[in-house]
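What follows is one structure encoded as structure tokens, with my remarks underneath.
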């Protein structure tokens, strides 16, 4: 009986998340949603989510990329596979690891904060107060955070991938311009049109998940019960990690299976 009750609870929770995701995605893609107040909230969220951590995350991504590139290059030379080392680096580091690490980094830093903020609004009755005042919490509070998280994840991923490409060129060819033609050929081979489209879609899905799921689970907090906030935030993080992992696995299946 307890197992059946838990299953029903989890089913209803995921169903609420999917329903909220559908409504929120439609609102995010609607230009009429973005009033001056909404844009101001989105810009502020981008500042907290991406701009404040830009330098630290860029340094981390550069160090991580450099170490991994050096490991791949050294291992490839050891086994006589130097001709495949750059392609392998781009496929593993740029296409897979950097987008995944960026999504997880933003999820830990901002996803939990967004979920806690929404849960506290729910406990304090602010969401109901907005609805009673004729204002839409979805359009006024949630959509700008979702859009900002998506933009932040996409921007940080793009910047980190560009930096990884520069470091890969420097490791494999040094600072000589003579390797540019071969480098461009390999980059073009790796980033063909279908792969690039899948990469952009994955980054977009990561960004949407980082905000959609914490907000949806934050709404599961109970009004007037502050103790429900930690449970809602923790549940949101667990579901978020599951969805990010699922997106990554499905991406790998589509590309390589």
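The values are calculated or read from the model by the stated rules, or taken from the named source; none is laboratory data. All values reported here derive from a predicted model rather than from experimental measurement. Ideal geometry is used to build each Cβ from the backbone, glycine not excepted, and the neighbour counts take in all protein chains shown.
Computed quantities for the displayed model
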item: Tally of residues being over 19 Å from residue 150 (Cβ atoms) and in contact with a helix residue (DSSP H, G or I) (Cβ under 6 Å, 6 or more places away or on another chain) across the stretch 226-257; result: 5
item: Hey, residue 32 closer than 30 Å to residue 171 by Cβ and in a helix (DSSP H, G or I) or not; result: no
item: Residue count, the stretch 201-213 (criterion: crowded, with 24+ Cβ neighbours inside 10 Å and either without any contact (Cβ under 8 Å) to a residue 12 or more places away in the chain or under 21 Å from residue 127 (Cα atoms) (or both)); result: 4
item: Single residue of the stretch 214-229 satisfying the filter (over 22 Å from the mean Cα position of the chain (by Cα) and in a helix (DSSP H, G or I)) that is surrounded by the most Cβ atoms within 10 Å (Cβ to Cβ); result: 229
item: Unique residue being out of contact with any helix residue (DSSP H, G or I) (no Cβ under 7 Å at 6 or more places or on another chain), loosely packed, with under 10 Cβ neighbours inside 10 Å, at negative phi and at pLDDT 85 or above when the list is 55, 18, 59; result: 55
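The rows are residues; the columns are (1) surrounded by 15 or more Cβ atoms within 10 Å (Cβ to Cβ); (2) in contact with a strand residue (DSSP E or B) (Cβ under 6 Å, 6 or more places away or on another chain); (3) under 30 Å from residue 48 (Cβ atoms).
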{"site": "67", "(1), (2), (3)": "no, no, yes"}
{"site": "73", "(1), (2), (3)": "yes, no, no"}
{"site": "90", "(1), (2), (3)": "yes, no, no"}
{"site": "95", "(1), (2), (3)": "yes, no, yes"}
{"site": "122", "(1), (2), (3)": "yes, no, yes"}
{"site": "165", "(1), (2), (3)": "yes, no, yes"}
{"site": "168", "(1), (2), (3)": "yes, no, no"}
{"site": "180", "(1), (2), (3)": "no, no, no"}
